[in-house]
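What follows is a set of notes on a single structure, which appears directly below.
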Amino acid sequence: MNSVLGANLKLIRLEEDSVLSSFDCGDSDLNDFLLNDAKNYLQAMLAVTYILKDDENIVAYFCLSYDSLTRSIELTDVDKALWNKVGRKIPNSKRRRNYPAVKIGRLAVDAKYAGLGIGRIIIDTVAIMYVSEKHHAACRFITVDAYRSALTFYEKNNFKYLTSKDIDDDRRAMYLDLKTL
Ligand SMILES: CC(C)(COP(=O)(O)OP(=O)(O)OC[C@H]1O[C@@H](n2cnc3c(N)ncnc32)[C@H](O)[C@@H]1OP(=O)(O)O)[C@@H](O)C(=O)NCCC(=O)NCCS
């Protein structure tokens, strides 16, 4: 895998026999998912979890699943404009109502490592996975249902909003066009 990881950081795919040490990102649901549920999702073929480790600790984790970036059936003028931005870099003849994507289902950095650029490294790593590596299926976008508290983080990593309908929600649908990197 091409990588933007530093020498002492390793990216490991969670397997059913992986041994998990402690992890605390400050959000109990995200902590609990990694320690108690990630293997169930792997077994159910619903999400693959990747763990970023340094020599001793779990630094961060994220989950990936295939997704589709889909146009809502009824769009307000504002949402029509947002949807038009999705396809702006796609030739007219190839524009459609949905596009292949990969979803970052969960992303969490241990509080000890927050603010050190690890989150950005993870976004870059996922982008490299899908831009540089050969996959069986095409994938044009990264999607995320971003926590309200993390919206600025995703904005700073070039994610765009898909709709204005979720503007007051706890989570907002965002996407990154891999072809614009
Ligand atoms: C949100 C999270 C993933 C960010 O990871 P991180 O490693 O701390 O972020 P980085 O250091 O890579 O930050 C990249 C940029 O985003 C900004 N940023 C990071 N987290 C932010 C936040 N919560 N709010 C606003 N800006 C944030 C940083 O200031 C930095 O900006 P800069 O380049 O202008 O300096 C991490 O704080 C976390 O795990 N939080 C708890 C769980 C969570 O909310 N996950 C998101 C689920 S959708």
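Give Lys165, Lys156, Lys179 a once-over and let me know the one that is near the ligand (Cβ under 7 Å from one of its atoms), surrounded by fewer than 19 Cβ atoms within 10 Å (Cβ to Cβ) and not hydroxyl-bearing (Ser, Thr, Tyr). Only one candidate qualifies: Lys156. Ser93 passes every criterion in (1) open to solvent by less than 70 Å² (accessible area, probe 1.4 Å); (2) farther than 22 Å from Leu151 by Cβ; (3) small (Gly, Ala, Ser) apart from (1).
For the structure I just gave you, tell me whether Val19 is farther than 25 Å from Glu133 by Cβ and at pLDDT below 95. In short, yes. Picking from residues in region 6-27 that are acidic (Asp, Glu) and under 22 Å from the mean Cα position of the chain (by Cα), the one that is farthest from the ligand (Cβ to nearest atom) is Glu16. Within region 116-131, residues that are near the ligand (Cβ under 8 Å from one of its atoms) and assigned to a helix (DSSP H, G or I) sit with their Cβ atoms under 6 Å from residues that are open to solvent by less than 10 Å² (accessible area, probe 1.4 Å) and aromatic (Phe, Trp, Tyr), at 6+ positions apart or across chains, in these pairs: Ile122/Phe62. If you take the residues in region 80-109 that are out of contact with any Gly (no Cβ under 9 Å at 6 or more places or on another chain) and assigned to a loop (DSSP other than H, G, I, E, B), which one is farthest from the ligand (Cβ to nearest atom)? Ranking the candidates gives Pro91 first.
Output yes when any residue across region 46-53 is modelled with pLDDT of 95 or more and open to solvent by 70 Å² or more (accessible area, probe 1.4 Å), and no when none is. Scanning region 46-53, I find at least one residue that is modelled with pLDDT of 95 or more and open to solvent by 70 Å² or more (accessible area, probe 1.4 Å), so the answer is yes.
The values are calculated or read from the model by the stated rules, or taken from the named source; none is laboratory data. Computed from a prediction, not measured in an experiment: that's the story for all the values here. So basically every Cβ, Gly included, is an ideal-geometry build from the backbone, and we count neighbours across all protein chains shown. Surface areas here come from the heavy atoms of the whole protein model, side chains and all, with no ligands, DNA or RNA. Shrake-Rupley method; radii C 1.70, N 1.55, O 1.52, S 1.80 Å.
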